[in-house]
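Written below as structure tokens is the structure these notes are about.
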Amino acid sequence: MSTHPEATAKLLTQDLQNMRDAGQKITMITAYSYPQGLIVDQAGVDIILVGDSLGMVELGYPDTVPVTMEEMLMHTKAVTRGVKRAHVVADLPFMSYNISIEQGVTNAGILYQQGRGDSVKFEGGQDFAPLCEAVVKAGIPVFAHIGLTPQTAATMGGFKVQGKSLDAAKKTVDDALALEAAGAFAIILEAIPQQLAQIITETVKIPTIGIGGGPFCSGQVLVFHDLLGLFKRFTPKFVKVYGNFFDQQVEAVGAYLQDVRESRFPGEEHSFNMKAELVEELKKAIGKR
Ligand code: KIV
């Protein structure tokens, strides 16, 4: 599928563009650890996002604002160590690109070069088109993210659906066009009306990936923990939950605790043996009968 010299099956940006052009839906899921990367890659996902949502679902922060470059780098490295096929996108965390173009290019470079993902993502519309252009010029593929941008939700009146008025919808279309012109290879459309997402999808030529953007995007993304029922604090309206793995894990751990307390674990099959004569000799040697 690609001409990558070492990993011939790796999905690159052109493969994703080809899928979009062929009308084939693109699948994307977040992952933050080595086993999560293996699970979603083995399931056959096209894009893995090492999202800064890790701050909430893995690190227990109230939102994505406290996430640091060090945390993003560590989790990106863990995911890329196992993934063979999916295109891996690494999120630039809040304030790692907001100060200047130089700061953004430097941090995109660190995350891309050391994390070993296939592209980077940052949030923002037209104002971030110059940064997008500079990062692409540096040789790093950029995944854009518009609509609701969680890192700056405080300036948007909270976690609310965006682009609902004519002006706001027009600005969202302009954001998408500016980022496409700046060289972004794909765009996340988060929490916008489905009709607006459809218009954007039909207007730009690059893939659009929706999260709360309705069914007409080129593809869809969900947070690993949300779709598997691993995150209980809240579940946004746009999430479809496919499992109840938090409760299943509590149940499995509980069963282990019961087994230990009631001497059912470990059993003979989990234990190692020593020859009976050796046991006797040992007892004699330490003066035990
Ligand atoms: O960090 C993340 O998980 C994201 C998705 C919500 C797109 O940016």
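The values are calculated or read from the model by the stated rules, or taken from the named source; none is laboratory data. Please read these numbers as outputs of a predicted model, since none were measured by experiment. Here the Cβ is made from the backbone with ideal geometry for all residues, glycine too, and neighbour counts use every protein chain on show. We work out accessible area using only protein heavy atoms, side chains counted, and drop any ligands, DNA or RNA first. Shrake-Rupley method; radii C 1.70, N 1.55, O 1.52, S 1.80 Å.
Tell me yes or no: at least one residue of segment 71-78 is of a type in the set (Gly, Ala, Ser), open to solvent by 50 Å² or more (accessible area, probe 1.4 Å) and within 16 Å of the ligand (Cβ to nearest atom). Taking every residue of segment 71-78 in turn, none turns out to be of a type in the set (Gly, Ala, Ser), open to solvent by 50 Å² or more (accessible area, probe 1.4 Å) and within 16 Å of the ligand (Cβ to nearest atom).
Modelled with pLDDT of 95 or more, within 13 Å of the ligand (Cβ to nearest atom), buried (at least 21 other Cβ atoms within 10 Å of the Cβ) and farther than 30 Å from Pro35 by Cα: which single residue out of Ile192, Ile188, Ile200 fits that description?
Testing whether each residue is modelled with pLDDT of 95 or more, within 13 Å of the ligand (Cβ to nearest atom), buried (at least 21 other Cβ atoms within 10 Å of the Cβ) and farther than 30 Å from Pro35 by Cα leaves just Ile192.
All of Gly82, Gly60, Gly115, Gly51 fail the test of being surrounded by fewer than 16 Cβ atoms within 10 Å (Cβ to Cβ) and assigned by TED's automatic domain parsing to the domain that holds Ala144, apart from Gly60.
Do we find that Val40 is out of contact with any Pro (no Cβ under 7 Å at 6 or more places or on another chain), open to solvent by 40 Å² or more (accessible area, probe 1.4 Å), at pLDDT 95 or above and on the phi < 0 side of the Ramachandran plot in this structure?
Judged against the criteria, Val40 is not a match.
Among residues of segment 100-125 being among the aliphatic types (A, V, I, L, M), without any contact (Cβ under 8 Å) to a residue 40 or more places away in the chain and within 16 Å of the ligand (Cβ to nearest atom), the one that is farthest from Thr13 (Cα to Cα) is Ala108. When each of Phe128, Phe94 is tested for being closer than 24 Å to Arg233 by Cβ, within 16 Å of the ligand (Cβ to nearest atom) and open to solvent by 40 Å² or more (accessible area, probe 1.4 Å), the lone residue that passes is Phe94.
When Ser33 is tested against (1) away from the ligand (no atom under 16 Å from the Cβ); (2) touching a His at 6+ places or on another chain (Cβ under 8 Å); (3) open to solvent by 10 Å² or more (accessible area, probe 1.4 Å), exactly one condition is not met: (1).
Could you go through segment 242-261 and let me know if any residue there is among the basic types (Lys, Arg) and part of a helix (DSSP H, G or I). Within segment 242-261, one or more residues are among the basic types (Lys, Arg) and part of a helix (DSSP H, G or I).
Looking only at segment 241-264, decide whether some residue is away from the ligand (no atom under 16 Å from the Cβ), touching a residue at least 12 places away in the same chain (Cβ under 8 Å) and under 21 Å from Ser165 (Cβ atoms). The answer is no; no qualifying residue exists. The condition of being out of contact with any Gly (no Cβ under 7 Å at 6 or more places or on another chain) and surrounded by 17 or more Cβ atoms within 10 Å (Cβ to Cβ) holds for only one of Val135, Val142, Val120, that being Val120. Taken over segment 155-174, residues that are without any contact (Cβ under 8 Å) to a residue 24 or more places away in the chain and either among the polar types (S, T, N, Q) or assigned to a helix (DSSP H, G or I) (or both) amount to 7. Regarding segment 7-25, can at least one residue be identified that is modelled with pLDDT of 95 or more and part of a strand (DSSP E or B)? No: zero hits.
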